[in-house]
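Visitor: After the structure tokens below, expect a handful of questions from me.
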Amino acid sequence: MAGRKDDKDLWEQTIEKIKPLGARKTKTKSPPVEPAPELQPEAKIPKLVRSTPEKVLKVDAREGIDKNQRRRMDRGDLPIEDIVDLHGLTRMEANTVLDQFIEKAYSEGKRMLLVITGKGYKSKYNKSVLKQELPHWLNRENLQGKILRFSTAQPKHGGDGAFYVLLKRKRDHDSNN
């Protein structure tokens, strides 16, 4: 029993000397930085050519969305006009519900939609089948003419388990469809 008491005394003596890491500040010198070698004129890298705002606007105009609207959409700042939650649906059911949801929203003149697919945490391999399928469904011919753009939602709206879908404006000649 004497050995245990000695070990305990030794331990207490040892921990009395220990100071928390935050209390001790050490000054370490970083190794000296060697100056960069001078570049030879032929080795200089050309300056990057930035696109002018006109070029950017032409690209955005072709897509039908301007840079500010795209930025607001990506930030989740555009007001969401309708939401559909596809949790718990089979692939076929979700596909049908999505088609009907987008058709209805488009016919009502709605623009910004939120489609919740889920992240797939409860699925067999922790992958959401609906999340993987949604981009394919949104790119089909029957929906392409109605969808302007879609992107992953911000965390406040479901993050990786949800998508923003921006619909095109409904034109008068579309009412015949």
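Visitor: Are any of the residues in the stretch 52-68 surrounded by 13 or more Cβ atoms within 10 Å (Cβ to Cβ), outside any loop (DSSP other than H, G, I, E, B) and at pLDDT 80 or above?
Guide: The answer is no, given that none of the residues of the stretch 52-68 is surrounded by 13 or more Cβ atoms within 10 Å (Cβ to Cβ), outside any loop (DSSP other than H, G, I, E, B) and at pLDDT 80 or above.
Visitor: Quick one: residue 173 ticks every box in (1) of a type outside the set (Lys, Arg); (2) more than 12 Å from residue 114 (Cα to Cα); (3) modelled with pLDDT of 85 or more bar one, so which box is it?
Guide: Exception for residue 173: condition (3).
The values are calculated or read from the model by the stated rules, or taken from the named source; none is laboratory data. This one's a predicted model, so the numbers in the text were calculated from it and none came from an experiment. Counting neighbours? That spans all protein chains shown, and the Cβs are built from the backbone with ideal geometry, glycine included.
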